[in-house]
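Here the structure is laid out as structure tokens; the discussion comes afterwards.
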Amino acid sequence: QKVSVEVLEHLEQLALVDFRDWEGVERLQKAIQFADQLQEVNTDGVEPMDSVLEDRCLYLREDDVTEGNCTKELLENAREKLEEYFVAPPGNIPLPKLEERETFLQGS
């Protein structure tokens, strides 16, 4: 099953993953084939769940602040920061133009 250029573009923007080489596209196609097996599972009579913990009582705890005012120490862990904010994800990849991707996919 081939993946369209539009789907690749959408996935790249959602996941910030570069599918510019054939190996990345092939890995994606294999993952889709693996996930397609779920369509074959008979789920008749199985009620959908909101959570695997829906039959348990979840207790809330008090939200007591025990420490704080440590912005400077936390930002020392950042690979990249802008003013007083983490840059996430660091090093976003520049995505190729749509025309470049179409050329690449035609060769696959």
Every residue in the stretch 34-75 that is within 20 Å of the chain's Cα centre (by Cα) and surrounded by 10 or more Cβ atoms within 10 Å (Cβ to Cβ), please. D36
Scan the helices (runs of 4 or more DSSP H) fully inside the stretch 1-76 and keep the ones with 1 or more residues being in contact with a strand residue (DSSP E or B) (Cβ under 8 Å, 6 or more places away or on another chain) and at pLDDT 80 or above. 71-75
Note on the stretch 5-26: residues over 15 Å from the mean Cα position of the chain (by Cα) and surrounded by 10 or more Cβ atoms within 10 Å (Cβ to Cβ) are V5, E6, R20, D21, W22, V25, E26
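Restrict the check to the stretch 86-96 and report whether at least one residue is assigned to a loop (DSSP other than H, G, I, E, B), at pLDDT 80 or above and open to solvent by less than 100 Å² (accessible area, probe 1.4 Å). Outline the logic, then answer.
Step one: of the stretch 86-96, the residues assigned to a loop (DSSP other than H, G, I, E, B) are 87-96.
Among the residues that remain, those that are also at pLDDT 80 or above are: none.
Taking every residue of the stretch 86-96 in turn, none turns out to be assigned to a loop (DSSP other than H, G, I, E, B), at pLDDT 80 or above and open to solvent by less than 100 Å² (accessible area, probe 1.4 Å).
The values are calculated or read from the model by the stated rules, or taken from the named source; none is laboratory data. Predicted, not measured: the structure shown is a model, and the values here were computed from it. Glycine gets a Cβ as well: all are built from the backbone with ideal geometry, and neighbour counts include every protein chain shown. For the accessible areas, the whole protein counts, side chains as well, though only heavy atoms, and no ligand, DNA or RNA atoms are used. Shrake-Rupley method; radii C 1.70, N 1.55, O 1.52, S 1.80 Å.
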